[in-house]
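This report refers to the structure that appears directly beneath it.
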Amino acid sequence: MRLCLIASKPTDSVIQGFLPAAARLGLEVVLVTDKPEEHERARARSRLLPRPGCPRPRARRDRDGQLGDGRNGDGHDHEVPPVRYVGCDVWDARELIGAIAGLPAPHAIVSNSDHLQTQTALAAEYFGLPGKDWRSALRAKNKSLMRRRLAEAGLEHVAAAEIRDAGGPPPDGLRYPVVLKPAEGVASEDVVLVTSPAELAEQSARILARRPGEKLLAEEYLPGELRTLETLTDGKTTWVLGGFRTTLSPLPFFIEERLTWAAPVPGTAREHVLGALGALGSGFGACHTEYVDGVQGPVLVEVNDRLIGDHCDFVLSDLLGVDLFELVLRVHLGEPLPPEPPARRGTRGWGDSRSGDTGWGDPRSGGTGHAVIDYVVADRSGVLASVPPAGPRLLPEQDVLLSYQSLRTAGDRIDVTHTNRDYLGVITAIGPDATAVERALAAARTRESWLVTGSRP
């Protein structure tokens, strides 16, 4: 069977998630991208890196006290499937469909990119394959369309206004403070809290100068706890996999600094988010939804028509004991989901090598373990002088798996942007309870070092 995987910039989710999953399923893979050379280089580098998430460590250390042999920190050879690269302007649905039409007929067309879901959905529909509704994909990507649809459905009424011209009068009907953001932005880039019409005009001018021709959205600030809901559906059966609590940086910026497994998902929030997704038409494949649970009740912040990112997808797979990448591919191949998610296997902890356990969580009950994704965020500009080695760690807490992934390398120039692009690395940990996981994370933060020195001359 043949898979067309649609991507632009290389990501760990594609290189170390979907491509190995396709290999395990025996799929013939064509990667359609506008950056084929970058993907080839990323695949070559990935063979020397540990798998993201929380892989089981080897039971030995090298002479430096770290794990692995330099090839693979989890002690398992990565699947390296043969991949055919096809260069194409994947941002243009017409070009994408034309490129796929020149290939052997695919059995699935899949993307894990926020930016390419509408194009991918149109291509899947053109070729008569399972996929997302292109209308719902467009609503998910365009936050103005999302707000309008939810208001029309009577589900949410968030005061919001579009800004296209920084020199125009301030929008009417806004309640300050407001969050200013690109209507189709990602990674917290150019997302800022503003407190007055004058500040809104100033910040809008600053952002639009960097984003000429784009549209901004100013919407009322929703105080409360930021949470996520992770779902997977085949169009009929929907699995609620669970959710995370998100810790943000101090205002006025909105950097995601940490995600903490929060199970079970509150019933009111679960039903509201599922109802909102239904109103948006989001009813196929993976979906990562962010919402604020505050005094007004749950209110959506954004919908991402893909698996949760920034290594959380790998952690969630490890936590639940299921291969989410493989499940997404199976759904797009037309396979139905079972009525209920699988229970986690085994009853003993991760640290017991005699156990057959492959995960702490049980999606049917919202999970029984604990997981944290802790991002190391640059707090100053300069040059990154040192980073810890990547890979899983051997811990005194035998029931906790902890691993570190570098997102920047020593010698990199660091320019603080107040976005997720300020991440230097990510520490991930899963275990049976919060106490053990938090203790292991605190020790890792104390033990490891990320040194940013003065600017280069």
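The values are calculated or read from the model by the stated rules, or taken from the named source; none is laboratory data. Note that this is a predicted model, so its numbers are computed, not measured. Please note: Cβ atoms are built from the backbone with ideal geometry, for glycine as well, and neighbour counts cover all protein chains shown. Remember, those area values only see protein heavy atoms, side chains included, never the ligands or the DNA or RNA. Shrake-Rupley method; radii C 1.70, N 1.55, O 1.52, S 1.80 Å.
Residues in the range 234-251 that are assigned to a loop (DSSP other than H, G, I, E, B) and either among the polar types (S, T, N, Q) or surrounded by fewer than 17 Cβ atoms within 10 Å (Cβ to Cβ) (or both): 235, 236, 237, 249, 250, 251. Does residue 98 count as open to solvent by 30 Å² or more (accessible area, probe 1.4 Å) and either among the hydroxyl-bearing types (Ser, Thr, Tyr) or modelled with pLDDT of 95 or more (or both)? The answer is yes for residue 98.
Looking only at residues of the range 1-22 that are of a type in the set (Gly, Ala, Ser) and part of a helix (DSSP H, G or I), we find that the one that is nearest to residue 99 (Cα to Cα) is 22.
Scanning the range 302-328 for residues that are more than 15 Å from the chain's Cα centre (by Cα) and either over 25 Å from residue 401 (Cβ atoms) or among the small types (Gly, Ala, Ser) (or both) yields a single hit, 321. Based on this model, can you work out whether residue 274 counts as outside any strand (DSSP E or B) and among the aliphatic types (A, V, I, L, M)? Yes, satisfied. Specify the residue that is surrounded by the fewest Cβ atoms within 10 Å (Cβ to Cβ); the eligible residues are those in the range 102-123 that are touching a Gly at 6+ places or on another chain (Cβ under 9 Å) and either among the acidic types (Asp, Glu) or over 16 Å from residue 88 (Cα atoms) (or both). Step by step, filter the range 102-123, then rank; the result is 107.
Checked against the criterion of being open to solvent by less than 10 Å² (accessible area, probe 1.4 Å) and either modelled with pLDDT under 90 or assigned to a helix (DSSP H, G or I) (or both), the range 23-38 contains not a single residue that satisfies it. Within the range 426-453, track down each residue that is under 23 Å from residue 255 (Cα atoms) and either open to solvent by less than 40 Å² (accessible area, probe 1.4 Å) or of a type in the set (Phe, Trp, Tyr) (or both). Hits for the range 426-453 are 426, 427, 428, 429, 430, 437, 441, 444, 448, 450, 452.
Once the range 390-418 is narrowed to residues that are within 16 Å of residue 53 (Cα to Cα) and open to solvent by 60 Å² or more (accessible area, probe 1.4 Å), the residue that is modelled with the lowest pLDDT is 399. Residues satisfying the criterion are present in the range 74-91 (criterion: open to solvent by 70 Å² or more (accessible area, probe 1.4 Å), in a loop (DSSP other than H, G, I, E, B) and at pLDDT 95 or above). Scanning the range 197-214 for residues that are in a loop (DSSP other than H, G, I, E, B) and open to solvent by less than 40 Å² (accessible area, probe 1.4 Å) turns up just one, 211. Being within 19 Å of the chain's Cα centre (by Cα) and not β-branched (Val, Ile, Thr) holds for only one residue in 374, 399, and it is 374.
Of all residues in the range 102-120, which are more than 21 Å from residue 135 (Cβ to Cβ) and in contact with a Phe, Trp or Tyr (Cβ under 8 Å, 6 or more places away or on another chain)? Correct list: 105, 106. Within the range 431-448, can one find any residue that is in contact (Cβ under 8 Å) with a residue 12 or more places away in the chain, among the polar types (S, T, N, Q) and not in a loop (DSSP other than H, G, I, E, B)? No, the range 431-448 contains no residue that is in contact (Cβ under 8 Å) with a residue 12 or more places away in the chain, among the polar types (S, T, N, Q) and not in a loop (DSSP other than H, G, I, E, B).
Cβ separations smaller than 9 Å between residues 6+ apart or across chains give no pair from the range 5-24 residues that are at positive phi to residues that are open to solvent by 10 Å² or more (accessible area, probe 1.4 Å) and of a type in the set (Asp, Glu).
Residues that are part of a loop (DSSP other than H, G, I, E, B), of a type in the set (Gly, Ala, Ser) and under 26 Å from residue 223 (Cα atoms) occur at least once in the range 278-294. For the range 126-142, taking the residues that are open to solvent by 60 Å² or more (accessible area, probe 1.4 Å) and outside any helix (DSSP H, G or I), the one that is nearest to residue 102 (Cα to Cα) is identified as 127. Against the test of being open to solvent by 40 Å² or more (accessible area, probe 1.4 Å) and either more than 17 Å from residue 53 (Cα to Cα) or free of Cβ contacts under 8 Å to residues at least 60 places away in the same chain (or both), the options 335, 257, 290 yield a single qualifying residue, 335.
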